[in-house]
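Read the structure below first, then the notes.
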Amino acid sequence: MVARKPPRRSAKKETKDASDPRSLRALVPRHLEWMRVQNYSSFTITSRDYGLRPFLDWCEERAVIHAVDVTASVLEDYKRRLFHQRKQDGRPLRRSTQTRALVNVLGLMKWLAKRGLILTNPGALLEMPRVEKNLPHSALTPAEVEQVLGAIDVTQPLGLRDRAILEMAYSTGMRRTELRNVKLGDVDAERGTVVVRQGKGKKDRVVPIGERALAWLEKYLEEVRPFFATDPDEGEIFLTREGRSLNVATLTVMGKRCRDHAGVAKPGSLHIYRHSAATGMLEGGADIRVIQEFLGHANLTSTQVYTKVAIQTLKAVHQRTHPAERPRQPDPKPGEDSKA
């Protein structure tokens, strides 16, 4: 009589056993803890955690249980899977989305190899997808910005708060996460500056803020914030009606709502004011490196994209120099010597 082999446990069940220190799922928390020790931002760590989950599930479905099971061919297969994946509306993933997913996986693989948990890094030779070089959303013109700001009902507490937020966003070019984190002590009204603490890349910087934005901010701080604030008050400038600090999603919805209410039919939400500030300053003659410092870009290449949307200077040169735009000399009359 032939002895039966014991039934094989499903890969899904085996992989989710956190007691197996070799499993990918057990090693990911150790990787995230290392990132915390290395002082990566909480946003980066959360993104890494969230971005690795689909990869872990995909591996489990294919019985790729342990870290040593991940080979170069496995990563190539996952890259193809991302390419062929479709969203709920049937559209493919953007190349930038595919790249971010692979960056998370390669970060894990590099960490595993450095810790000696795998012999070699299977992602060392993986070629990343070519990312589209898209322009930013169309910036708002100064008139459109005024249209949005003027449509906000500042007689209401939330309206006054939203006006102060948008004024600061437009004046300083700050990101959403930077706006939500700005505190009372970060604004120096006398010098006309705001300290941006722990911006992208966990870097501090100082940015200017205009007099009009300061005036709306002061009005909000005097007339609204004292009634929103609750104990303990952590000092964030912009609060919800319940006294909590705003989250990024709330800022996004607010920015879109104000734009739609004003009837400005352009894509984007709160981030569009950052684009609009940079584009407007560039067209006003600001040096590209000044814009880089203003926006807090680590690399100049991130700032140079604004030179492609700041079209006014190019239009002026085009009208002045293009042969079809220069005034034409009248044709000589019959019998006249054109060389006279």
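The listed residues are Thr141, Thr120, Thr193, and the only one of them that is closer than 30 Å to Val70 by Cβ and either in contact with a helix residue (DSSP H, G or I) (Cβ under 9 Å, 6 or more places away or on another chain) or surrounded by fewer than 18 Cβ atoms within 10 Å (Cβ to Cβ) (or both) turns out to be Thr120. Per the listing Ile152, Ile118, the residue uniquely within 28 Å of Asn181 (Cβ to Cβ) and among the β-branched types (Val, Ile, Thr) is Ile152. Note on the stretch 209-301: enclosed helices (runs of 4 or more DSSP H) holding 2 or more residues that are under 24 Å from Val148 (Cα atoms), at pLDDT 90 or above and assigned by TED's automatic domain parsing to the domain that holds Val187 are 211-223, 248-261. Selection of first residues in the stretch 258-277 that are farther than 19 Å from Thr303 by Cβ and of second residues that are of a type in the set (Asp, Glu) and crowded, with 21+ Cβ neighbours inside 10 Å, restricted to Cβ pairs under 8 Å at least 6 apart or on distinct chains, gives the following pairs, ordered by first then second residue: Cys258/Asp162. Under the condition of being among the aliphatic types (A, V, I, L, M) and in contact (Cβ under 8 Å) with a residue 60 or more places away in the chain, the residues counted in the stretch 67-115 number 2. I need the full set of residues from the stretch 2-35 which are surrounded by fewer than 12 Cβ atoms within 10 Å (Cβ to Cβ) and either farther than 23 Å from Cys59 by Cα or modelled with pLDDT of 50 or more (or both), in order please. Answer for the stretch 2-35, where residues must be surrounded by fewer than 12 Cβ atoms within 10 Å (Cβ to Cβ) and either farther than 23 Å from Cys59 by Cα or modelled with pLDDT of 50 or more (or both): Val2, Ala3, Arg4, Lys5, Pro6, Ser19, Pro21, Pro29, Glu33. Of all residues in the stretch 155-187, which are free of Cβ contacts under 8 Å to residues at least 60 places away in the same chain and outside any helix (DSSP H, G or I)? Answer for the stretch 155-187, where residues must be free of Cβ contacts under 8 Å to residues at least 60 places away in the same chain and outside any helix (DSSP H, G or I): Thr155, Gln156, Val182, Lys183, Val187.
The rows are residues; the columns are (1) under 13 Å from Leu295 (Cα atoms); (2) of a type outside the set (Asp, Glu).
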position	(1), (2)
Ala151	no, yes
Gln156	no, yes
Arg175	yes, yes
Lys203	yes, yes
Glu211	no, no
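Here Arg100, Arg36, Arg48, Arg62 are screened, and the one residue that is over 28 Å from Asp204 (Cα atoms), outside the structural domain of Gln198 (by TED's automatic domain parsing) and not small (Gly, Ala, Ser) is Arg62. With respect to Arg205, is the statement that it is under 30 Å from Ile45 (Cβ atoms), in contact with a helix residue (DSSP H, G or I) (Cβ under 8 Å, 6 or more places away or on another chain) and surrounded by 13 or more Cβ atoms within 10 Å (Cβ to Cβ) true? The answer is yes for Arg205. Of the residues contained in the stretch 143-151, one or more are found to be free of Cβ contacts under 8 Å to residues at least 40 places away in the same chain, among the charged types (D, E, K, R) and not assigned by TED's automatic domain parsing to the domain that holds Thr44. Inspection of the stretch 202-209 identifies at least one residue that is farther than 27 Å from Arg259 by Cβ and free of Cβ contacts under 8 Å to residues at least 40 places away in the same chain.
The values are calculated or read from the model by the stated rules, or taken from the named source; none is laboratory data. Everything quoted here is computed from the prediction, not taken from an experiment. Here the Cβ is made from the backbone with ideal geometry for all residues, glycine too, and neighbour counts use every protein chain on show.
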